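Worksheet: one structure, shown below.
The values are calculated or read from the model by the stated rules, or taken from the named source; none is laboratory data. None of these values were measured; they are calculated from a predicted model. Positions of Cβ are backbone-derived with ideal geometry, glycine not excepted, and every protein chain shown enters the neighbour counts.
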């Protein structure tokens with residue numbers, strides 16, 4: 001199922017992200033451990049928990065103008081657990097189109113390289129895709 005909008009009701013801090021897949025002006029990110037909060041259509045009013053989680057799905061951005069990831073790679077060794085210096089990855093290129101754009105900012109863990117990620121996408125719209133088999137979700 002695909003839910004358009006409601007980006008402000010996504011809880012991404014517990015998410016794990018793949019690298020982006022870019023097709024023309026569409027950017028798709030495979031996401032694991034997606035959280036939604038009260039007010040999202042996939043969050044039932046009868047639930048008594050703060051976050052409803054889904055095992056997997058996709059963030060879909062259409063009409064993308066920019067995708068910028070600021071990543072802090074994990075540096076783990078026997079003696080030190082810390083972050084490497086931040087670096088920026090700019091995806092694209094994208095074709096700039098006319099029309100009103102929104103800034104979508106989210107954060108979570110990038111799969112490769114393993115890193116904490118602050119991600120900004122400038123696009124026309126956002127949709128969340130959750131496979132039908134995942135539509136029950138879990139809660140905490």
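General remarks:
Every residue, every condition in (1) more than 19 Å from residue 13 (Cα to Cα); (2) modelled with pLDDT under 95; (3) not in a strand (DSSP E or B), yes or no:
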position: 59; (1), (2), (3): no, no, no
position: 64; (1), (2), (3): yes, no, yes
position: 82; (1), (2), (3): no, yes, no
position: 104; (1), (2), (3): no, no, no
position: 113; (1), (2), (3): no, yes, yes
position: 126; (1), (2), (3): no, no, no
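- Within segment 1-28, considering residues that are closer than 20 Å to residue 115 by Cβ and free of Cβ contacts under 8 Å to residues at least 60 places away in the same chain, the one surrounded by the most Cβ atoms within 10 Å (Cβ to Cβ): 11
The rows are residues; the columns are (1) over 20 Å from residue 34 (Cα atoms); (2) surrounded by 12 or more Cβ atoms within 10 Å (Cβ to Cβ); (3) in contact with a strand residue (DSSP E or B) (Cβ under 7 Å, 6 or more places away or on another chain).
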residue	(1), (2), (3)
93	yes, no, no
104	no, yes, yes
108	no, yes, yes
112	no, no, no
122	yes, yes, yes
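- Test: residue in segment 32-43 that is touching a strand residue (DSSP E or B) at 6+ places or on another chain (Cβ under 8 Å), over 21 Å from residue 124 (Cα atoms) and in a loop (DSSP other than H, G, I, E, B): yes
- Residue that is modelled with pLDDT under 95 and either surrounded by 13 or more Cβ atoms within 10 Å (Cβ to Cβ) or within 14 Å of the chain's Cα centre (by Cα) (or both), where the choices are 38, 77: 38
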